[in-house]
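First up is the structure itself, then whatever we jot down about it.
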Amino acid sequence: MGFLLSLLLLALLNIHTVSAGAAIVDPAKLPLSTMGKHIVDTDGNRVKWACVNWYGPNLPDTNVVGGLEYQTLEYLVNSIKHLGYNCVRLPYTVELALEDPPVPLESALPVPPLNANPDLLGLSSLEVFDKTVEALTDAGLMIILNVHTSAQGWCCQLDSDEGIWFTPEWTYAQFEQSLTDFTTRYLSNPLVVAMDMRNEIHDINNPDRGDSIPVGWGRGDPELDWYKVATDLGNKVLAVNPDILIVVTALCFGMDLRGCKDTGAVELDVANKLIWTVHSYRFFTPFYDIPLMLNLKDYRDLAAISGFSLVGLLVIFIAVIKTTWPSKKTWTHSVVLTWAVMGCFFVPISYGVAETLKETCNTWYHNDAKNVPPIGIAIFLVPLLGYAGWHVWQWKKVEEKDGSTVLELSNMTGGGTKESADLFKGEAGTSIYTMFLLPPALASLLFFGIMLFTCMVWSLFATTPMVYENHHTRMWWFASEEGKGYQAPIWMSEFGQDTRDAYWVGLMKFLAKEDMDWAVWAYYGSTRVEAIPYEHENTTMPETYGLMNKYYNETMFAGLEGGDWRIQDMQAVMGINPNANDIDVKGCSDCVW
C-alpha cells in the first residue's frame, strides 16, 4: 500500500524526481551529536541535513503549516520526502506555545486553513502542530524546531521588535518557557533532533519611536548579550532533554559569527551538542543587491545596459567635441571634467563602502550605511550642477548686456558683440550653448558614462563564486575550522531564490564544495498570509521563494524538463544528480570554480 501511494504521489506531483534523496537517518542510531564540523549518529557516521523550511504555524490567520487548505497532511509530508529532503525546519512562536490560539475557520487565503483536512477541524493550533510533527517523524524525517518570533506574525523587518528574544508584549521568561515547554512536549520523539532557539537576531533601531537596542556578543549584559543568553537557555533546554542539539544563530540576521572568535563556542553542559546556524540570501550578500535597486534581474542585465549605454555616450561625446568644443578652453573646464572623472569611480566605491558597513551588525541598517551612496553622489554631482548653474547665470548676464536674447558671441547674426566675446574669453563665432552649456553637459555625460563602465567591469568580478566564498568565509565559515575553540557544524538554515542567477549557482557550488548542512526556504505555495505592518489587517502576499505552486500539486517551476530547476540543483548538491544544470558537484573536490 505504501509503495502504491508513493507512485501515486510522484505522478500527481509531476516533478520527475528520482527515487532517492538525502539519507534518512536510522532511528536506532539516534541521538545525534557533533564531531568537528559534522553532525554524526551514535556510530560516528555523518548525518547530513538537507532540509526544507515549512512555515505557517508562526503566521496569524492560519496558525498551521501551509498547504493544509489544498492537500491532506499525509500528501504534503510524502511530497517533502519524495522531493529528496530528510529533515524539516518547523517554525513556531512564543505565542503559539503559551496561548495555543485557535485555528481560524476563515482567513485571508481563498479557502480556510484546514479545508482539505476535515479530520483536523476542531483541533487547536498546538494539536495540529502535534499532528504535523507526528506525520513528519512517522515518515522518517528529522525535525528542527525553531522559535521564529515571539508574537504570531511575519518576521525580520529592520525596525521590528522581534529582532531580539523579548519584546514589549513577550518577556524573556516567556521566551524561556516556550523553549522548555516544547522540548518537554516532544521529549519522547527522538526524531525531533534539535532546537533552533531564535530566528534572525538583529539590532532594533526604530526611528519613529526613538528606540535603539543594540545586540551584543560577549559583552556580559545578561539581557542583550546573545552569547550569554544562548549559553544559559541552551543549558536549560539540555536539562530537559540532554539528547537534543542546540542551534545558535549568528547575529545580524544570521550573517555574522565573528564574535565567537573572542568568546569561543557557546559553553554547553552536554558536550558535542552545539550547531551554528547562518542565513544567506542574495540581498544579504555584498554587491548582489545593486541590480535589485535598479529593477534588474542580475549583473548580466546591468552589464549589458552599461555596455550599450557607454558606447552610445562615447559616440555622442566624440561627435559633440568634434563639432562644437571651443578652441580656446578655460582652466575651469579641466577642473570640472577631472572632478567628474573622479566621481565616476568614487560613486560605485561608495556603494561598496555601504555594503561593508552592512557587514557590521550594529550598522546593518543604520543611517551611516544608508547615507553613504547619496552622500558620495552629492559630493561630486552638486559641484557639477553648480557649474552648470554658473554658466546659465553668465548667459543671463550676456542677455542683459546686449539687451536681447543672444545666440552667439559674434556679430554673425547681428545679435552679439565683440565686447561680449572678450568679456567671457570666448572667440568670435562661439555659440552661447557651446560656451556656457556644453562643458557641464559633457562633464555629466562623462560622469555617468564612466560610472556605467565601472559597474560593467565590477559586474564581471562581483558575481564570481570567489567573491561569494570570500564574503561568507570572512563572516561565518571560519567557525568550521579545525582546531579552533569556536568550531562547530554550520547549518545554513535559510536560503532561497526565484531566479537561477550567479548568486544561486555560486551558493549551490559553495554548499557542495564545503559539504554543508542546509535548509531551503521554503516548502510553501505561491501565496501566504502576512500582516500589514502597524495595521490590524492581514492580506495574501506572494511567496516568491516558495517551492510549490498555489495548490501544492506540483513545484512552482515544474514546467522545465526534469522538474523545478531549484529541485534539480539541490538534488545535485544532495548527490542524487551530480551533473544537473551543469553544476559540477561530483565528489565536491572536483567542483568547477
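The values are calculated or read from the model by the stated rules, or taken from the named source; none is laboratory data. No experiment lies behind these values; they were computed from the predicted model shown. Using ideal geometry, Cβ is built from the backbone for each residue, glycine included, and neighbour counts are taken over all protein chains shown. Just the protein is used for accessible areas: all its heavy atoms, side chains included, with ligands, DNA and RNA removed. Shrake-Rupley method; radii C 1.70, N 1.55, O 1.52, S 1.80 Å.
When the residues of the stretch 197-216 are narrowed to those that are part of a loop (DSSP other than H, G, I, E, B) and among the hydrophobic types (A, V, I, L, M, F, W, C), which ends up modelled with the lowest pLDDT?
Top of the filtered list is VAL215.
It is to be established whether one or more residues within the stretch 238-247 are open to solvent by 60 Å² or more (accessible area, probe 1.4 Å) and either among the β-branched types (Val, Ile, Thr) or in contact with a Phe, Trp or Tyr (Cβ under 9 Å, 6 or more places away or on another chain) (or both).
no
Would the stretch 103-112 turn up any residue that is among the hydrophobic types (A, V, I, L, M, F, W, C) and within 14 Å of TYR75 (Cα to Cα)? Let's see the steps before the verdict.
Applying the first criterion (among the hydrophobic types (A, V, I, L, M, F, W, C)) to the stretch 103-112 yields 103, 105, 108-109, 111.
Going one step further and asking which of them are within 14 Å of TYR75 (Cα to Cα), we end up with none.
No, the conditions are met nowhere in the stretch 103-112.
List the pairs whose first member sits in the stretch 158-178 and is under 26 Å from VAL240 (Cα atoms), whose second member is modelled with pLDDT of 85 or more and among the charged types (D, E, K, R), and whose Cβ atoms are under 6 Å apart, counting only residues at least 6 apart or on separate chains?
What qualifies is TRP165/ARG198.
Looking only at the stretch 498-514, count how many residues are open to solvent by less than 10 Å² (accessible area, probe 1.4 Å) and within 11 Å of TRP565 (Cβ to Cβ). Quick ask: steps written out before the conclusion?
So the first thing to find is which residues in the stretch 498-514 are open to solvent by less than 10 Å² (accessible area, probe 1.4 Å), and the list is 501, 503-504, 506-508, 510-512.
Adding the requirement that they be within 11 Å of TRP565 (Cβ to Cβ) leaves 504, 508.
Number satisfying all stated conditions: 2.
Does TYR85 count as touching a Cys at 6+ places or on another chain (Cβ under 8 Å), assigned to a loop (DSSP other than H, G, I, E, B), within 28 Å of PRO31 (Cβ to Cβ) and among the aromatic types (Phe, Trp, Tyr)? Steps first, answer last, please.
Numbers: touching a Cys at 6+ places or on another chain (Cβ under 8 Å): yes; assigned to a loop (DSSP other than H, G, I, E, B): yes; within 28 Å of PRO31 (Cβ to Cβ): yes; among the aromatic types (Phe, Trp, Tyr): yes.
Yes; evaluated as a whole, the condition is true for this residue.
Among the residues of the stretch 526-548 satisfying the criterion of being at pLDDT 90 or above and part of a loop (DSSP other than H, G, I, E, B), which is farthest from the chain's Cα centre (by Cα)? Full working, then the answer.
Looking only at the stretch 526-548, we keep the residues that are at pLDDT 90 or above, and these are 545-548.
Now restrict to residues that are part of a loop (DSSP other than H, G, I, E, B): 545-547.
Working: TYR545: 11, GLY546: 14, LEU547: 17 Å.
Checking each candidate, the answer is LEU547.
Of all residues being assigned to a helix (DSSP H, G or I) and free of Cβ contacts under 8 Å to residues at least 12 places away in the same chain in the stretch 217-256, which is nearest to ASP161 (Cα to Cα)? Just the residue, please. Spell out the reasoning first.
So the first thing to find is which residues in the stretch 217-256 are assigned to a helix (DSSP H, G or I), and the list is 226-240, 251-254.
After this cut, where a residue has to be free of Cβ contacts under 8 Å to residues at least 12 places away in the same chain as well, the list is 228, 232.
Values: LYS228: 20, ASP232: 22 Å.
Among those that are assigned to a helix (DSSP H, G or I) and free of Cβ contacts under 8 Å to residues at least 12 places away in the same chain, it is LYS228.
Can you find a residue that is open to solvent by less than 10 Å² (accessible area, probe 1.4 Å), in a helix (DSSP H, G or I) and modelled with pLDDT of 90 or more anywhere in the stretch 276-299?
Checked the stretch 276-299: no residue is open to solvent by less than 10 Å² (accessible area, probe 1.4 Å), in a helix (DSSP H, G or I) and modelled with pLDDT of 90 or more.
Where the second residue is basic (Lys, Arg) and outside any strand (DSSP E or B) and the first is under 14 Å from GLU200 (Cα atoms) and lies in the stretch 140-151, which pairs have Cβ atoms under 6 Å and are six or more apart or on separate chains?
Hits for this filter: VAL147/ARG198.
Go through the stretch 217-244 and count every residue that is of a type in the set (A, V, I, L, M, F, W, C) and within 16 Å of LYS273 (Cβ to Cβ). Talk me through it step by step, then tell me what you get.
So in the stretch 217-244, the residues of a type in the set (A, V, I, L, M, F, W, C) come out as 217, 224, 226, 229-230, 233, 237-240, 244.
With within 16 Å of LYS273 (Cβ to Cβ) added as a condition, the list becomes 230, 233, 237-240, 244.
Residues in the stretch 217-244 being of a type in the set (A, V, I, L, M, F, W, C) and within 16 Å of LYS273 (Cβ to Cβ): 7 in total.
Quick one: which residue in GLY264, GLY254 is open to solvent by less than 20 Å² (accessible area, probe 1.4 Å) and closer than 21 Å to SER178 by Cβ?
Details: GLY264 fails: closer than 21 Å to SER178 by Cβ.
Only one candidate qualifies: GLY254.
If you check VAL111 against the conditions, is it of a type in the set (A, V, I, L, M) and buried (at least 22 other Cβ atoms within 10 Å of the Cβ)?
On the way: of a type in the set (A, V, I, L, M): yes; buried (at least 22 other Cβ atoms within 10 Å of the Cβ): no.
Criteria not met by VAL111.
Please state which of the following conditions CYS156 fails to meet, knowing it meets all the rest: (1) more than 22 Å from the chain's Cα centre (by Cα); (2) open to solvent by 30 Å² or more (accessible area, probe 1.4 Å).
(1)
Okay, residues lined up against (1) part of a strand (DSSP E or B); (2) of a type in the set (Phe, Trp, Tyr); (3) farther than 28 Å from LEU251 by Cβ:
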| site | (1), (2), (3) |
| --- | --- |
| LYS131 | no, no, yes |
| CYS156 | no, no, no |
| PHE166 | no, yes, no |
| GLU176 | no, no, no |
| THR183 | no, no, no |
| SER188 | no, no, yes |
| MET195 | yes, no, no |
